[in-house]
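One structure is given below, encoded as structure tokens.
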Amino acid sequence: MTSFSDLNLDPKVLKAIEAAGYTTPTPIQAGAIPPALEGRDVLGIAQTGTGKTASFTLPMITLLGKGRARARMPRSLVLAPTRELAAQVAENFDTYAKGSRLKKALLIGGVSFKEQDMLIDRGVDVLIATPGRLIDHFERGKLLLTGVEIMVVDEADRMLDMGFIPDIERIFEMTPFTRQTLFFSATMAPEIERITNKFLSNPEKIEVERQNTTSQTITQILVEHTPKRRDMAAKDKREILRAIIERDGDDCRNAIIFCNRKTEVDVVAKSLKKHGYNAEPIHGDLEQSQRTRTLDGFRDGSIRFLVASDVAARGLDIPNVSHVFNFDVPSHAEDYVHRIGRTGRAGKLGTAYTLSTPSDAKYLDAIQSLVKTELPRGENPWTPPGVSKREEAAAEEEAPKRTSSRTRSRSKKVDAPAAETPQPEVKEADTRTKARNEARREQKPDTRNEPRTEARNQPRQQEDRSGASSSRSRGGRGRGGDRDNGPRVVGLGDHVPGFIEMSFEERRGNS
DNA sequence: AAAAAAC
């Protein structure tokens with residue numbers, strides 16, 4: 001078995017790897033590092049979580065160790081699709097280039113040009129960028145890419161999804177054709193294939209087994225719900241979300257809650273906050289400073305719930321995420337895989353809930369055929385207020401033979417035992433129903449009103465969280481404390497070093 | 001149908 005010390009890496013890099021607690025490279029690292037060190041092009045087919053980032057940062061640091069950067073002429077370039085991923089790559093360089101004199105700059109949008117300009121002017125060895133901001137700098141004449149010796153394209157398939165491929169081609173053409181290219185993609189779509197044929201020369205191809213989406217470390221649970229009306233789905237799902245959080249108690253240490261739309265992200269985050277939960281939103285319409293702050297806060301545990309758009313679905317390496325919620329069923333099946341992959345990392349256990357309504361059926365089918373399993377159905381812990389289980393069942397039976405009259409169906413509901421018709425729905429014309437309701441309320445005031453109010457208020461109180469956790473037996477899954485004693489794994493992909501568990505602030509403080 | 005990324 002290879003170890004890092006067999007890989008011809010710079011002794012200083014080896015020392016940094018050792019300090020981070022690693023001895024054995026992951027398959028992608030073992031496959032990509034040797035050819036990269038020989039100066040060959042590399043085509044890596046691998047997803048995040050396989051140790052991909054280190055498979056290019058480690059050889060880059062080693063190769064760039066000799067030589068010095070000239071002003072405005074970076075010696076290497078790493079392109080990433082999102083700002084957060086670019087920042088993550090930059091952190092990786094910080095970790096492993098500690099002993100070296102390499103200078104780096106992070107060029108991402110949403111922050112001022114000033115600092116970035118200064119760094120470029122002074123000369124950098126490593127430039128890490130999102131395509132838009134890089135091209136912007138280039139067009140301002142602040143940047144020359146003719147000195148690029150190594151170019152890395154990370155998450156190419158996502159770049160394709162985001163329409164970045166023309167930009168990537170443009171950037172390729174601004175660099176010298178003698179450069180070394182390291183190219184990473186989770187899939188080889190035809191368009192990706194075309195690009196690699198055009199810009200890579202005789203690459204060493206390393207394919208790492210597709211990450212097991214039904215990984216044993218992730219428990220997937222589907223929670224189905226049929227809203228009374230279609231427009232109530234979102235509101236109902238917010239209730240269900242809170243009910244699950246309460247039910248799972250301490251097991252749900254933290255969670256990423258994915259929504260399909262940015263507006264929904266805002267609504268869900270606001271709603272959780274209103275109910276006393278520690279939650280923050282993250283999506284592309286928010287200020288970059290806030291995005292960074294929120295992600296740091298989630299990483300260091302000061303934020304318990306990260307409500308996110310798909311900006312956070314891929315590649316982000318946040319260890320110790322206990323739960324992922326698909327508040328919305330993702331409409332691209334691939335995204336499901338990426339989203340739930342934010343938990344169950346580094347051999348630890350994770351739970352991924354997906355909330356679905358009948359209108360999601362089509363997307364759900366696509367997901368299930370992609371992951372080649374039927375998602376196990378879990379219990380929906382939330383009951384709509386005023387609707388007993390019994391009545392729910394009755395209503396379902398009733399549904400097929402329902403006749404036209406709304407009034408009739410409503411009065412039926414009222415007749416059912418323990419029913420509570422929502423007051424706003426009772427029209428003045430319906431005086432008989434109203435009177436009946438009032439009479440019933442007088443007869444049994446506590447059994448109807450009290451529990452309902454309490455149930456609604458319960459999650460509001462912070463104390464209730466610990467209260468709920470005492471009864472968190474979790475349907476016999478019996479995992480309790482074994483989250484931290486999961487299967488033993490080695491290498492930079494699965495094993496997570498201590499520093500990753502720290503916030504960026506803390507890491508800076510350490511260096 | 002929407003998200004991401006440049007000003």
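Laboratory data are not the source of any read-out in this text; all were calculated from the coordinates shown. Being a predicted model, the structure only gives us computed values, none of them experimental. With ideal geometry, Cβ positions are generated from the backbone for all residues, glycine too; neighbour counts draw on all protein chains shown.
At a glance:
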read-out	value
Order of A:188, A:159 - criterion: other Cβ atoms within 10 Å of each residue's Cβ, fewest first	A:188, A:159
Packing-based ranking, highest mean first, of A:192-204, A:60-72, A:88-100 given that Cβ atoms within 10 Å are counted	A:88-100, A:60-72, A:192-204
Residue A:6-residue A:368 FRET efficiency (beta carbon distance; Förster radius 51 Å; 0.05 resolution)	0.75
Packing-based exposure ordering (other Cβ within 10 Å, fewest first) of A:184, A:138	A:138, A:184
Cα-only radius of gyration and Dmax that characterise region A:4-211, units Å	15.8, 44
Estimated distance in nm for a label pair at residue A:24 and residue A:300, the labels positioned 7 Å out from Cα along Cα-to-Cβ	3.4
Label-to-label distance, nm, for residues given as residue A:198 and residue A:68 (7 Å Cα→Cβ offset)	3.8
R0 of 56 Å, Cβ-Cβ distance residue A:122-residue A:216: FRET efficiency to nearest 0.05	0.70
Orientation-averaged projected area, Cα convex hull of region A:109-180 (nm²)	5.0
Spin-label model distance (nm) - residue A:111 vs residue A:278, 7 Å beyond Cα toward Cβ	2.5
Cβ-based exposure ranking for A:137, A:225, in which fewest neighbours within 10 Å come first	A:225, A:137
Restraint check, A:262/A:348; A:98/A:274; A:270/A:348; A:114/A:274; A:52/A:142, Cα-Cα greater than 32 Å	A:98/A:274; A:114/A:274
